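**Q** Got a structure for you, questions after.
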Amino acid sequence: MRVLTLAFLFLVILVGADAAKAGPSTIVRDQLASVDPATLAAATQETEDQIRLDKAKRRYVQRGLTRLGFDSKVNGKFDEPTRAAISRWQIARGYPETGFLSPVQHTALQAEIVSAAQASVDSRPEQTTRGRGTDSARQHRGGPGGLIGGVVGGMFR
């Protein structure tokens, strides 16, 4: 069983090594750089209606705007304060200021929200498990090697 586990871990480390060398993703930046200027036309209520944002999706947009520094009250309604936050985001990103989202802008905003969330997770300091001290076998060190080391350390304890 131990040999099989070690062989599996070796394969995971090999696969993870390529991902670690890859560096940060540029997918969003590449997509935005290749956007046709015609798709940057001013957003309207009609273009926003095409996105079909329900209350939960509107809350997600509001939370995302706040996370990105464009404070918005999270209530699921695109009221005047939310429209102002969308306008500020549009100005900062070079879109025409309308306070409404187009499908292209919504996609760009979602990608930016996800990117900001990932950056905040990556920048968190290491945390130990409560009540278990600083035993390195039980502490997640980040990356596939740290996770695997913690699992293996816990198995052979």
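Nothing in this text is a laboratory measurement; each read-out follows from the coordinates by a stated rule. All values reported here derive from a predicted model rather than from experimental measurement. Using ideal geometry, Cβ is built from the backbone for each residue, glycine included, and neighbour counts are taken over all protein chains shown.
**Q** So, in the stretch 78-101, exactly how many residues are touching an Asp or Glu at 6+ places or on another chain (Cβ under 6 Å), aliphatic (A, V, I, L, M) and under 18 Å from TYR60 (Cβ atoms)?
**A** Residues meeting the conditions: 1.
**Q** Filter the stretch 87-116 down to the residues that are in contact with a Lys or Arg (Cβ under 7 Å, 6 or more places away or on another chain) and under 10 Å from ALA42 (Cα atoms) and list them by number.
**A** Within the stretch 87-116, just GLY99 meets the criteria.
**Q** Let me ask another. Looking at the stretch 56-86, which of its residues are closer than 16 Å to ALA43 by Cβ and hydrophobic (A, V, I, L, M, F, W, C)?
**A** Result: VAL61, LEU65, PHE70, PHE78, ALA84, ALA85, ILE86.
**Q** Right, here's the next one. Which one of the conditions (1) under 22 Å from ASP49 (Cβ atoms); (2) free of Cβ contacts under 8 Å to residues at least 60 places away in the same chain; (3) in contact with a helix residue (DSSP H, G or I) (Cβ under 7 Å, 6 or more places away or on another chain) does SER102 fail to meet, given that it meets all the rest?
**A** Going through the list (1) under 22 Å from ASP49 (Cβ atoms); (2) free of Cβ contacts under 8 Å to residues at least 60 places away in the same chain; (3) in contact with a helix residue (DSSP H, G or I) (Cβ under 7 Å, 6 or more places away or on another chain), SER102 breaks only (2).
**Q** Pairs please, first residue from the stretch 51-70 and without any contact (Cβ under 8 Å) to a residue 60 or more places away in the chain and farther than 10 Å from HIS106 by Cβ, second anywhere and of a type in the set (Gly, Ala, Ser) and in a helix (DSSP H, G or I), Cβ atoms under 6 Å, 6+ apart in sequence or on different chains.
**A** LEU65/ALA85; ARG67/ALA116; LEU68/ALA116; PHE70/ALA85
**Q** Please specify each residue of the stretch 39-65 satisfying the condition of being β-branched (Val, Ile, Thr) and over 16 Å from ILE113 (Cα atoms).
**A** Scanning the stretch 39-65 gives THR39, THR44, THR47, ILE51.
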